[in-house]
Amino acid sequence: MTKLRLLSFIAGVNLVSWGTLLAFSGVSDRSPALIGTAISLIAFSPLVSAALLRLLNRESWENAGLKLRLQEQKAWYGFGVGFPILVIGSILLLSILLGTGSVTYTSSTLISGLKLAGITFVPMFIASIGEEFGWRGYLEPNLKLQSPSLVVNHLIVGAVWGVWHLPILLLNESDTSLFELLMVFIGCLALGVIYGQVRHRSGSVWPCVLLHACSNSFTIGAGTSNLLEVEQSYKAIVSLSSNSIATVGVWIVIAAVFLVIMRKRQDGAEAISAGG
């Protein structure tokens, strides 16, 4: 029965996402307010779908990870703030090393970026609740009931997240290339591992919400404050965009580090079990 519910969740969120894109494809008025409404509808579909399935099937909310666990999981909340700083710093360093762009480290640029990050944080936090209560609050823990492989579960969530995410890009820019869509999908696979491990190790969905919100707001702040200026021909390679090769590459490296650490922990646990 759980498999059917998981399939219902996956079908439901994608029906909203791709259905919204289809509905708006024939609309000539593509004003920011209208597009923002459409994206908001998609953004909250994971939360709504998860809540409906729990209520209709009388599922327990126990595995949703709704407890903050702030005191015992401070490190993971810190990771939620530090991760986007690490990613942005890595992109800036790569751009400098490769000579693909210029980095402006002025007080006005930094202050402007921080202001934009602060302004967008609250709406990004609310939108992140809409996503994470579905991805890491429902899909991830219920997949765990079906499969003992955390890696497989993380990748499944990442794949569903990636497919669901594509209409948002197409609504923002209808001329988004196939390459950009592919990079976003691969990026979601890598982020699926990172976010999945944060959810698993913290035992709470809230560090994932903070991680998601900070990643979006910090990137918006850095991207729109001209902290990094990249020539058009290099933007697909090294930029702060989520579909650049450099950004996705950094995510993959961090995801790989998580997998190595996870493997070492499993090996250590198996050695202790064999010795005990």
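The values are calculated or read from the model by the stated rules, or taken from the named source; none is laboratory data. Since this is a predicted model, take the numbers as computed values, not measurements. We place every Cβ from the backbone using ideal geometry, glycine too, and count neighbours over all the protein chains shown.
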field: ILE85 modelled with pLDDT of 95 or more and in a helix (DSSP H, G or I)
entry: yes
- prompt: Within the group SER45, SER40, which residue is closer than 12 Å to VAL13 by Cα and touching a residue at least 12 places away in the same chain (Cβ under 8 Å)?
  reply: SER45
statement: Scanning the range 9-25 for residues that are more than 15 Å from TRP135 (Cβ to Cβ) and of a type outside the set (A, V, I, L, M, F, W, C), the one farthest from the chain's Cα centre (by Cα) turns out to be SER25
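Residues being closer than 18 Å to LEU15 by Cβ and without any contact (Cβ under 8 Å) to a residue 24 or more places away in the chain: count how many of those fall in the range 170-193. Walk me through it before giving the result.
Filtering the range 170-193 down to residues closer than 18 Å to LEU15 by Cβ leaves 170-171.
This time we only want the ones that are without any contact (Cβ under 8 Å) to a residue 24 or more places away in the chain, so: none.
Residues in the range 170-193 being closer than 18 Å to LEU15 by Cβ and without any contact (Cβ under 8 Å) to a residue 24 or more places away in the chain: 0 in total.
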message: Between a residue in the range 103-132 that is closer than 18 Å to VAL230 by Cβ and any residue that is among the aliphatic types (A, V, I, L, M) and surrounded by fewer than 16 Cβ atoms within 10 Å (Cβ to Cβ), which pairs come within a Cβ distance under 7 Å, given they are 6 or more apart or on different chains?
response: VAL103/ILE96
Subset of the range 207-244 [closer than 25 Å to LEU68 by Cβ, crowded, with 24+ Cβ neighbours inside 10 Å and over 10 Å from the mean Cα position of the chain (by Cα)]: PRO207, PHE218
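Quick one: would you say SER204 is out of contact with any Asp or Glu (no Cβ under 9 Å at 6 or more places or on another chain), surrounded by 22 or more Cβ atoms within 10 Å (Cβ to Cβ) and outside any helix (DSSP H, G or I)? First the steps, then the outcome.
Working: out of contact with any Asp or Glu (no Cβ under 9 Å at 6 or more places or on another chain): yes; surrounded by 22 or more Cβ atoms within 10 Å (Cβ to Cβ): yes; outside any helix (DSSP H, G or I): yes.
Spelling it out, SER204 is indeed out of contact with any Asp or Glu (no Cβ under 9 Å at 6 or more places or on another chain), surrounded by 22 or more Cβ atoms within 10 Å (Cβ to Cβ) and outside any helix (DSSP H, G or I).
Taking the range 31-60 only, how many residues are at negative phi, part of a loop (DSSP other than H, G, I, E, B) and surrounded by fewer than 14 Cβ atoms within 10 Å (Cβ to Cβ)? So that I can check it myself, show each step before the final result.
Residues of the range 31-60 at negative phi: 31-57, 59-60.
Restricting the remaining residues to those that are part of a loop (DSSP other than H, G, I, E, B) gives 31, 44, 57, 59-60.
From what's left, surrounded by fewer than 14 Cβ atoms within 10 Å (Cβ to Cβ): 31, 57, 60.
The number of residues fulfilling the criteria is 3.
Could you please find all residues in the range 61-82 being on the phi < 0 side of the Ramachandran plot, part of a loop (DSSP other than H, G, I, E, B) and touching a Gly at 6+ places or on another chain (Cβ under 8 Å)?
Of the range 61-82, the ones on the phi < 0 side of the Ramachandran plot are 61-64, 66-68, 70-82.
Subset that is part of a loop (DSSP other than H, G, I, E, B): 61, 66-68, 70-73.
Scanning the range 61-82 gives LEU66, LYS67, GLN73.
Are any residues in the range 226-260 touching a residue at least 12 places away in the same chain (Cβ under 8 Å), over 17 Å from ILE96 (Cβ atoms) and among the polar types (S, T, N, Q), and if so, which ones?
So in the range 226-260, the residues touching a residue at least 12 places away in the same chain (Cβ under 8 Å) come out as 226-231, 234, 236-248, 250-252, 254-255, 258-259.
Among the residues that remain, those that are also over 17 Å from ILE96 (Cβ atoms) are: 236, 241-243, 248, 251-252, 254-255, 258-259.
Across the range 226-260, the qualifying residues are SER241, SER242, ASN243.
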message: If I go through the range 213-257 residue by residue, how many of them are within 16 Å of GLY158 (Cβ to Cβ), at pLDDT below 95 and among the small types (Gly, Ala, Ser)?
response: 1
- prompt: Would you call SER202 in contact (Cβ under 8 Å) with a residue 40 or more places away in the chain, touching a helix residue (DSSP H, G or I) at 6+ places or on another chain (Cβ under 9 Å) and more than 22 Å from GLY101 (Cα to Cα)?
  reply: yes
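Across the range 145-154, which residue is nearest to SER8 (Cα to Cα) among those that are part of a helix (DSSP H, G or I) and free of Cβ contacts under 8 Å to residues at least 60 places away in the same chain? Steps first, please.
So the first thing to find is which residues in the range 145-154 are part of a helix (DSSP H, G or I), and the list is 145-146, 150-154.
Next, from what is left, pick out any that are free of Cβ contacts under 8 Å to residues at least 60 places away in the same chain: 152-154.
Details: VAL152: 19, ASN153: 17, HIS154: 18 Å.
Selected residue: ASN153.
Considering each of VAL157, VAL122 in turn, give the residue that is part of a helix (DSSP H, G or I), at pLDDT 95 or above and closer than 22 Å to LEU259 by Cβ. Working first, answer last.
Values: VAL122 fails: closer than 22 Å to LEU259 by Cβ.
Within the list VAL157, VAL122, the selection yields VAL157.
Residue under question is SER25, and the condition is that it be among the small types (Gly, Ala, Ser), on the phi < 0 side of the Ramachandran plot and surrounded by 13 or more Cβ atoms within 10 Å (Cβ to Cβ); does it hold?
Details: among the small types (Gly, Ala, Ser): yes; on the phi < 0 side of the Ramachandran plot: yes; surrounded by 13 or more Cβ atoms within 10 Å (Cβ to Cβ): no.
So SER25 fails the test.
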- prompt: In the range 183-242, which residues are touching a Ser or Thr at 6+ places or on another chain (Cβ under 8 Å) and of a type in the set (Phe, Trp, Tyr)?
  reply: TYR234
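Which one is nearest to GLY187 (Cα to Cα) among residues in the range 70-103 that are buried (at least 17 other Cβ atoms within 10 Å of the Cβ) and out of contact with any Leu (no Cβ under 9 Å at 6 or more places or on another chain)? It would help to see each step written out before you state the result.
Filtering the range 70-103 for residues buried (at least 17 other Cβ atoms within 10 Å of the Cβ) gives 73, 76-77, 79-80, 83-84, 87-88, 90-92, 94-95, 100-101.
Going one step further and asking which of them are out of contact with any Leu (no Cβ under 9 Å at 6 or more places or on another chain), we end up with 73, 90, 94.
Numbers: GLN73: 26, SER90: 16, LEU94: 18 Å.
The residue in question is SER90.
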message: Go through (1) surrounded by fewer than 21 Cβ atoms within 10 Å (Cβ to Cβ); (2) more than 12 Å from the chain's Cα centre (by Cα) for TYR138 and report which single condition fails.
response: (1)
